[in-house]
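The values are calculated or read from the model by the stated rules, or taken from the named source; none is laboratory data. If you're wondering where the values come from, they're calculated on a predicted model, not measured in any experiment. Cβ placement follows ideal geometry from the backbone for every residue including glycine, while neighbour counts extend to all protein chains displayed.
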Amino acid sequence: MPDNALVLATGVLTAVTALSASWVTSRGATRAARVKAQSEALELRHGQLGDSRRASYAALLNCVIDMRWQLIAAMNFAEAGDAVAADSIMDTRNNMVAELHRHRTVVLLAGPRTLTGDATALTHAAVQLMLDLERALSGPQPSDMEMLLGPSMARLNDATDRFIQSAQDILGTA
């Protein structure tokens, strides 16, 4: 009889050990699956955030580039003596500035805050170029425009370069 009790005790102990091991393994597998799912979700969110930021940064840069080309066209028309064409481009300035500020707002919302200064400087440089061009167009000698607008163009180029560098640093593409 003692041998049967020992066999029964060993069997019960083996069953309890097997159930405990199964429970611990199951719990560990569940935890590992949860951690993996959270990690994948975080990685996906990070990727989407990067794509969103990249798109907003590119939209702001494209807006500044479009604005710059329109202003250069206005300057060329004025220098060629076509004041009507120059005035028609400048008549869209409110729309250009509004679009520029919309894109800047999206960039500021997409973040991070470290880009705020560069995005704002880029916007201000573009608006300043527009204001300087407007003053030059209303001046007596449109032929001096390149000299008058040189500092504004240089500021815009510097602000654009700083914004691009900051954006690349943030996106990890530098």
> Of all residues in segment 57-76, which are at pLDDT below 85 and among the β-branched types (Val, Ile, Thr)?
Replying inline: Ile72
>> Looking at Asp3, Asp66, can you tell me which residue is part of a helix (DSSP H, G or I) and within 26 Å of the chain's Cα centre (by Cα)?
In response: Asp66
> Within segment 77-91, can one find any residue that is among the hydroxyl-bearing types (Ser, Thr, Tyr) and modelled with pLDDT of 85 or more?
Replying inline: no
> Which members of segment 1-58 meet the condition of being within 30 Å of Leu171 (Cβ to Cβ) and either polar (S, T, N, Q) or touching a strand residue (DSSP E or B) at 6+ places or on another chain (Cβ under 9 Å) (or both)?
Replying inline: Gln38, Ser39, Gln48, Ser52, Ser56
>> With the requirement that a residue be surrounded by fewer than 18 Cβ atoms within 10 Å (Cβ to Cβ) and more than 19 Å from Leu49 (Cβ to Cβ), what does segment 91-106 give you?
In response: Asp91, Thr92, Asn94, Asn95, Val97, Ala98, Glu99, His101, Arg102
>> Out of everything in segment 26-53 that is among the polar types (S, T, N, Q) and under 30 Å from Leu115 (Cα atoms), what residue ends up being surrounded by the most Cβ atoms within 10 Å (Cβ to Cβ)?
In response: Ser52
> Here are Leu109, Leu122: which of them is buried (at least 17 other Cβ atoms within 10 Å of the Cβ), at pLDDT 85 or above and under 30 Å from Arg53 (Cβ atoms)?
Replying inline: Leu122
> Which one is nearest to Ser138 (Cα to Cα), of the residues in segment 56-90 that are free of Cβ contacts under 8 Å to residues at least 24 places away in the same chain, surrounded by 15 or more Cβ atoms within 10 Å (Cβ to Cβ) and β-branched (Val, Ile, Thr)?
Replying inline: Ile89
> Any idea which of Glu146, Glu134 is in contact with a Lys or Arg (Cβ under 8 Å, 6 or more places away or on another chain) and of a type in the set (D, E, K, R)?
Replying inline: Glu134
